1. Could you list, in sequence order, the residues of region 17-27 that are touching a helix residue (DSSP H, G or I) at 6+ places or on another chain (Cβ under 7 Å) and buried (at least 24 other Cβ atoms within 10 Å of the Cβ)?
2. Can you name the residue in region 238-275 that is modelled with pLDDT of 95 or more and β-branched (Val, Ile, Thr) and is also surrounded by the most Cβ atoms within 10 Å (Cβ to Cβ) among such residues?
3. Are there helices (runs of 4 or more DSSP H) fully within region 37-112 with at least 2 residues that are in contact with a strand residue (DSSP E or B) (Cβ under 7 Å, 6 or more places away or on another chain)? List them.
4. From Thr142, Thr200, Thr131, Thr152, grab the single residue that is among the polar types (S, T, N, Q) and closer than 30 Å to Glu370 by Cα.
5. Condition first: under 24 Å from Thr194 (Cβ atoms), basic (Lys, Arg), out of contact with any helix residue (DSSP H, G or I) (no Cβ under 7 Å at 6 or more places or on another chain) and at pLDDT 95 or above. Can you find one or more residues in region 320-339 that meet it?
6. Considering only residues of region 284-315 that are under 17 Å from Arg244 (Cα atoms) and basic (Lys, Arg), which is surrounded by the most Cβ atoms within 10 Å (Cβ to Cβ)?
7. Can you find, within region 175-194, the residue that is nearest to the ligand (Cβ to nearest atom) among those that are closer than 12 Å to Arg424 by Cα and hydrophobic (A, V, I, L, M, F, W, C)?
8. Test of understanding: among Arg244, Arg272, which residue is charged (D, E, K, R) and closer than 22 Å to Gln378 by Cα?
Amino acid sequence: MQKNNNVPTLITLFGGTGDLSQKKLLPAFFNLYRGGYLPDSFKILGVARKQLSDDEYRGFVARSVCADDDGKCDREAVDSFLGHILYQSGDTGSPESYKILSERLIAEETAIGQCANKLFYVAMSPKFYDTLLRNLADSGLTIPCSNETGWTRILIEKPFGDDTKTAQALDELLGLLFSEEQIFRIDHYLGKETIQNILTFRFSNAIFEPVWDSGHIDRVEIRLLEKDGVGERGGFYDGVGALRDVGQNHILQMLALIAMDNPTIMNAESIRRKRVEVFEKLHHMAPDELERSAIRGQYKGYREETNVDPSSKTETYFKIRAFLHGNRWDGVPFILESGKGLGEKKTEINIYFKRTKNCLCSPGSERHHENILTFRIQPDEGISILFWSKKAGLTSELEPNKLSFDYQTNDEDDGKTITTAYDRILHDAIVGDQTLFTSTQEVLASWKFITPIVDGWKDTEPYSYKRGSNGPESVH
Ligand code: BG6
């Protein structure tokens with residue numbers, strides 16, 4: 001992490017009073033601030049429809065950054081952070097709002113006495129993207145005010161479109177209004193510490209890469225399981241479903257990091273290119289393969305959730321057997337699974353190695369033994385390897401054992417620790433590193449895999465499953 005590069009920076013947060021801002025973004029900005037990772041001179045300008053004064057918004061921000069106030073909230077730091085917070089009410093559909101916004105930002109720049117960097121974070125529903133992006137570009141706000149300093153960048157949240165066609169349209173619009181270096185497409189999973197560790201683990205240890213292929217790996221499981229249902233997000237989720245919500249992005253990004261070839265250098269261009277190569281190798285399912293290789297479910301009670309269609313066929317669960325073309329992964333199934341309303345919250349990746357050809361164990365001790373490498377993304381972040389060893393005593397029986405690495409929990413929070421995915425993502429956007437952001441090619445290639453599945457599922461009835469279970473019974 002780089003400490004602040006000291007160019008004054010103005011951050012505009014569209015959707016400044018929304019859920020994402022409140023729960024993730026404002027706390028992440030505060031973490032960066034406490035750690036000294038923001039420029040000395042910066043302002044965060046929340047924009048939303050609500051009529052609020054700067055002070056009222058500061059109250060909202062204070063509650064957001066001290067949400068888990070267990071007496072540990074650093075009041076002094078919060079008060080000084082609030083000195084950097086501003087608010088502007090505005091309607092994304094009204095050009096007048098952008099004019100006012102522009103005047104506000106220019107006034108800030110005048111006060112600073114220098115052309116400032118400008119970061120625009122779109123933390124809003126995708127239905128507003130088109131109008132917002134066009135109005136923003138028309139306002140001239142995204143044109144840098146100087147060649148030396150004063151970059152402007154735009155951060156947008158997933159989902160990028162609903163299918164290949166709409167993703168392409170959104171991308172064309174973005175490409176028309178901004179240059180690729182200005183666009184930061186967010187997939188917060190890429191900012192998770194344990195996910196970043198996948199590449200380091202694979203490519204900085206000589207013992208794994210030689211066995212990282214179909215000759216040695218039997219199958220890979222990538223699972224993102226959630227206990228909670230859709231909660232307050234029914235209105236958004238019902239039009240999206242699990243596969244678009246987390247499959248097209250988080251799950252495929254994890255797959256890319258597991259399956260990619262060595263990028264050889266640690267920079268945005270080479271890593272993003274290797275991720276695209278994986279997506280381009282994904283086998284696209286024909287309609288008759290769908291039934292065998294992809295299943296979807298819906299938890300009981302989903303249709304009664306707030307703002308969900310009472311006859312909804314939206315899936316809240318999926319399990320897919322995906323394959324990659326090419327020698328390295330030929331015939332290795334990648335099991336992709338995710339669901340809401342399940343028995344546990346857990347994201348993990350399991351790599352199952354093939355069994356040894358013969359086993360040095362007593363005849364009849366037939367549990368014939370595979371090694372499992374597990375990346376525990378959350379909770380209990382860490383990495384473990386299951387291996388087999390001889391049981392002690394007069395026996396040649398084997399027993400499973402584990403080598404395990406656990407991330408330390410940071411009890412002594414000194415305010416300097418970068419803890420959340422959003423801390424990392426916001427930091428990287430400010431320093432201009434696009435490694436953890438998805439490129440236009442990645443977005444399109446991933447949709448080409450997902451679209452035939454969502455199309456094939458259209459109008460089919462999802463299997464239903466009990467809340468708190470492992471998903472539809474037919475899958476297990
Ligand atoms: C979001 C999805 O992108 O990721 C949510 O929209 C999901 O539906 C969330 O709950 C999971 O993220 P995390 O970081 O809590 O695992």
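The values are calculated or read from the model by the stated rules, or taken from the named source; none is laboratory data. As the structure is a computational prediction, the values presented were derived from the model and not from experiment. Here the Cβ is made from the backbone with ideal geometry for all residues, glycine too, and neighbour counts use every protein chain on show.
1. Hits for region 17-27 are Leu25, Leu26.
2. Looking at the filtered set, the residue picked out is Ile251.
3. Per the criteria, 54-65, 95-112.
4. Working: Thr142 fails: closer than 30 Å to Glu370 by Cα; Thr131 fails: closer than 30 Å to Glu370 by Cα; Thr152 fails: closer than 30 Å to Glu370 by Cα.
Being among the polar types (S, T, N, Q) and closer than 30 Å to Glu370 by Cα holds for just one of Thr142, Thr200, Thr131, Thr152, which is Thr200.
5. Yes.
6. Once the filter is applied, the top-ranked residue is Arg296.
7. Of everything passing the filter in region 175-194, Ile186 is nearest to the ligand (Cβ to nearest atom).
8. Values: Arg272 fails: closer than 22 Å to Gln378 by Cα.
Selected residue: Arg244, the only one of Arg244, Arg272 that is charged (D, E, K, R) and closer than 22 Å to Gln378 by Cα.
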